[in-house]
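Remarks on the structure that follows.
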2 protein chains.
Amino acid sequence: MKVRKSASVEMAADPTLDFWFDFASTYSYPACMRIEALASEAGVAIRYRPFLLAPTFKAQGWDTSPFNIYESKGRYMWRDLERLCAEMAMPFRKPAEFPQNGLLPARVALAGEGEAWRGAFCRSVFQAQFGDGRRIDDPAVIGDILTTIGAPARSMLDLAQSDPIKIKLRTQTEEAGSLGIFGAPSFVTGDGELFWGNDRLESAIAWANRSHAGT
Amino acid sequence: MKVRKSASVEMAADPTLDFWFDFASTYSYPACMRIEALASEAGVAIRYRPFLLAPTFKAQGWDTSPFNIYESKGRYMWRDLERLCAEMAMPFRKPAEFPQNGLLPARVALAGEGEAWRGAFCRSVFQAQFGDGRRIDDPAVIGDILTTIGAPARSMLDLAQSDPIKIKLRTQTEEAGSLGIFGAPSFVTGDGELFWGNDRLESAIAWANRSHAGT
């Protein structure tokens with residue numbers, strides 16, 4: 001329904017897809033690296049929705065990632081991620097510690113909402129962690145990434161630790177739970193359809209487009 | 001390496017892909033409905049490897065399907081399966097009971113190894129369960145399916161209850177565990193690569209073909 005684009009009503013905007021992810025989540029890495037290119041090709045706007053998986057896991061009785069709890073599943077995941085990265089010609093290096101704490105980069109991503117560098121920041125954090133084996137809970141690493149992508153590191157790190165941003169991340173994490181999100185990456189279309197997993201990114205984008213055309 | 005086909009050494013046979021599934025597994029339904037067409041198009045031979053997930057689940061501390069234990073995940077799965085079926089123009093009806101007991105059809109599938117009707121039998125069982133909401137632990141239903149696809153129902157049901165077949169299913173289930181299989185559907189290539197989930201079927205087939213060409 002491209003014709004609607006000229007009408008300046010809210011429904012006429014590009015279809016959107018909410019991208020829910022935790023910076024500690026392994027499969028969020030390939031999803032984050034792919035999503036902008038795929039979405040832009042399809043004419044879908046991406047909304048970055050960082051959240052924390054830990055409360056979700058805790059609600060399911062887990063005190064760490066299920067990939068640590070269920071050994072076969074964990075072994076499979078690392079091999080699968082390695083294969084996916086090779087296929088996408090993306091660097092891969094298993095971090096010494098897993099899962100890392102994604103709190104700091106999640107807050108920075110929220111602090112950078114609306115900034116042109118936000119997508120680049122998210123991709124750089126994932127690549128630092130799963131491509132270079134760096135720690136993402138270290139302000140020096142995050143500051144380094146911000147500087148490299150041309151963002152104001154000092155002010156962003158400060159803003160990230162402010163109360164409004166802390167509250168925002170908490171609210172957003174609660175929202176993920178109320179949407180029925182139980183893992184990452186997850187994608188939610190404008191009409192409320194949930195898709196879970198890097199494998200379902202294409203389906204989510206197609207749904208966002210189709211359902212929007214049908215409005 | 002199609003040129004190798006003419007040489008009568010074992011390596012020259014078509015690449016194979018082992019298809020590990022439990023008849024009670026929801027995502028094994030779309031995988032089973034798709035696998036023959038995709039594999040034949042790619043020149044890959046499929047080996048049906050029915051097994052039972054229950055011992056795997058038990059080893060992980062679960063007394064039922066994780067889709068029943070983790071509510072959000074279960075709710076998502078049913079909606080996702082419904083969408084997948086609609087996309088593939090496959091019937092879908094949520095069975096009254098889940099998971100069902102896949103023991104009987106698994107034994108029949110083993111009893112029918114080498115028979116031309118085996119693929120059709122597997123597809124019919126999945127469709128009866130997730131398309132028509134029928135019970136698959138009922139010998140009358142399984143007999144009905146066998147008759148419909150032109151297989152000798154009585155003798156197959158008898159063979160399915162024989163000791164060699166019972167032992168074979170037990171052995172095969174243990175083999176699944178030793179291969180690191182933790183869910184269904186799973187796919188294992190000739191060179192031992194494991195792929196998990198209906199979403200990864202295409203990747204598994206591509207890997208089977210590539211690794212075979214490289215031998």
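The values are calculated or read from the model by the stated rules, or taken from the named source; none is laboratory data. Remember, it's a predicted structure, so these values are computed and weren't measured experimentally. With ideal geometry, Cβ positions are generated from the backbone for all residues, glycine too; neighbour counts draw on all protein chains shown.
Quick notes on this one:
- Test: residue in the range A:53-68 that is part of a loop (DSSP other than H, G, I, E, B), surrounded by fewer than 13 Cβ atoms within 10 Å (Cβ to Cβ) and aliphatic (A, V, I, L, M): no
- Unique match (being away from every other protein chain (no Cβ under 14 Å), within 16 Å of the chain's Cα centre (by Cα), of a type outside the set (K, R) and not in a helix (DSSP H, G or I)) among A:I181, A:I136: A:I136
- Residues in the range A:162-178 that are more than 11 Å from chain B (Cβ to nearest Cβ) and surrounded by 14 or more Cβ atoms within 10 Å (Cβ to Cβ) were compared, and the one that is nearest to A:P66 (Cα to Cα) is A:T173.
- Residues (modelled with pLDDT under 95 and surrounded by 14 or more Cβ atoms within 10 Å (Cβ to Cβ)) located in the range A:74-97: A:P95
- Residue count for the range A:1-56, restricted to those that are modelled with pLDDT of 95 or more, among the small types (G, A, S) and within 19 Å of A:D137 (Cα to Cα): 3
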